[in-house]
Amino acid sequence: MPAFDKILFATDFSESSEHAFQYALSLAKQFQSRLTILHVINEPVDLRGFYVPHVSFENLEKEIEEGAQKMMAKFCETHAADYKRFETVIVTGIPYEEILKRAESDGSSCIVLGTQGRSGIDHLLFGSTAERVVRKALCPVVTVRHP
């Protein structure tokens, strides 16, 4: 079995992601891997053409990023405190594209992510991040379904 020396874990901070992280952490510990914990802020809808009292687009982007950083810090404190070989990354973009980009640029040997399970029209219009990552990734992908 090949060694997984660089594991990329993608999180949206949901229960599904928390559950999937246990698998990523277990693999990282087993193989003494470098673990990258990635969160992708969905590209925000451009609100510049709309009037929203007391909210500027720049402030909204800043608040979203600050919120993501706080959530990442809490996530790592709660779930990765006993593992020191990790780094965190927060980027803005389309989740599956950013996951694939990061995996390729890091030379990740494995990607781990939870499945959310969109259904109905949501799934038809947007598809699944996990599905797209599985289809296009150059390395193995472990998807973990929340029980």
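No lab work stands behind these numbers, since they all come straight from the coordinates. Note that the structure is predicted; figures quoted are calculated from it, not measured.
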Residue-wise HN-Hα coupling along the range 73-79, computed from phi with Karplus coefficients 6.51, -1.76, 1.60 (Hz; x: Gly, Pro): 4, 5, 4, 5, 4, 6, 10
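Please compute the length gained on full extension between Ser105 and Val91, using 0.36 nm multiplied by the number of residues separating them and subtracting their Cα-Cα distance.
Here the answer is 3.7 nm.
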Karplus-derived 3J(HN,Hα), 6.51/-1.76/1.60, for each residue of the range 90-103, Hz, glycine and proline x: 10, 10, 10, x, 8, x, 5, 5, 5, 5, 5, 4, 5, 4
